[in-house]
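Each reported figure results from applying straightforward, stated rules to the coordinates on display, with no laboratory input. What you are looking at is a predicted structure, and each value in this text was computed from that prediction instead of being measured. FYI the Cβ positions are ideal-geometry reconstructions off the backbone, even for glycines, and counts take in every protein chain you see.
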Protein chains: 2
Amino acid sequence: MARTLPQPAREAIEIVTVLQALADPVRLEVLRQLAKESEPRSCSLEEYDVDITAATLSHHWRVLREAGLTTTFVEGRRRWVELRREDIQARFPGLLDAVLA
Amino acid sequence: MARTLPQPAREAIEIVTVLQALADPVRLEVLRQLAKESEPRSCSLEEYDVDITAATLSHHWRVLREAGLTTTFVEGRRRWVELRREDIQARFPGLLDAVLA
């Protein structure tokens, strides 16, 4: 059974933290790929079209999760990630559409 | 007669640079104040409700201008600043509304 890593509640998501998390070309690119999915997607590097190490991608997943942009699910040694589309839309309507277009 | 300081053309405005410029609480606050105006507004510290030095505010004006978010006008020793509302809306529709709400 999957558990989720710690993340801010919807009402604790802050615009400055979200903008800092978005303000990186690799994080924007992986978020664009996540935004196409309706199901959680693997965190594995080979799933993403980015030229970075696995450790760097792990760092980006943490920044996105701690900002409130994504949920990370853990099951054994596997991890999946999902965009918190409804939470971000509720807090900052239109932001994801504007940034990920 | 006022001149304008160097700024990127509309088509050279980049989303990552814009997000980096927006991802600061003081810059968000002064942009919110600018967004209420239809005319250029003085760059002077006393016009803004922020607890920083004049040098720090000057730095923020430069970051915003170089990102393409604002135009700075200079006349003698006075400076005014204006939000590039149409340029940002053309490049990233909905972004300013989502961030400055």
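Averaged over peptide A:68-78, the number of partner chain Cβ atoms lying within 10 Å of each residue's Cβ comes to 0.
In chain B, helices alone account for a calculated mean residue ellipticity at 222 nm of -13000 deg cm²/dmol, with every DSSP H run of four or more residues adding -39,500 (n - 2.57). Less than 5 angstrom separates the built amide H of B:Arg84 from those of B:Thr70, B:Thr71, all sequence-distant by 5 or more or on a different chain.
The mean of 1/r over all distinct Cα pairs in chain B, once inverted, gives the Kirkwood hydrodynamic radius of 13.6 Å. As a ratio to 2.2 N^0.38 Å, the alpha-carbon radius of gyration computed for the protein assembly as shown takes the value 1.15. When A:Glu11 is represented by a point 7 angstrom out along its Cα-to-C-beta vector, the spacings to that point in the other copies are 4.8 nm, nearest first. A label point on A:Val74, set 7 Å along the Cα-to-Cβ line, lies at 5.3 nm from each of its counterparts in the other copies, closest listed first. Across the identical copies, the 7 Å label point of A:Asp49, projected outward along Cα→Cβ, sits 4.6 nm from its counterparts, in ascending order. Per-residue Karplus couplings for region B:49-56, computed as 6.51 cos²θ - 1.76 cosθ + 1.60 with θ equal to phi - 60°, are listed in order as 8, 9, 9, 9, 8, 4, 5, 5 Hz, Gly and Pro entered as x.
Among the residues of B:86-93, the average count of other protein chain beta-carbon atoms within 10 Å of the residue beta-carbon is 1. Backbone phi angles across region B:73-82, fed through the Karplus curve with coefficients 6.51, -1.76 and 1.60 (θ = phi - 60°), yield HN-Hα couplings of 9, 10, 9, x, 8, 9, 10, 10, 9, 9 Hz in residue order; Gly and Pro are listed as x.
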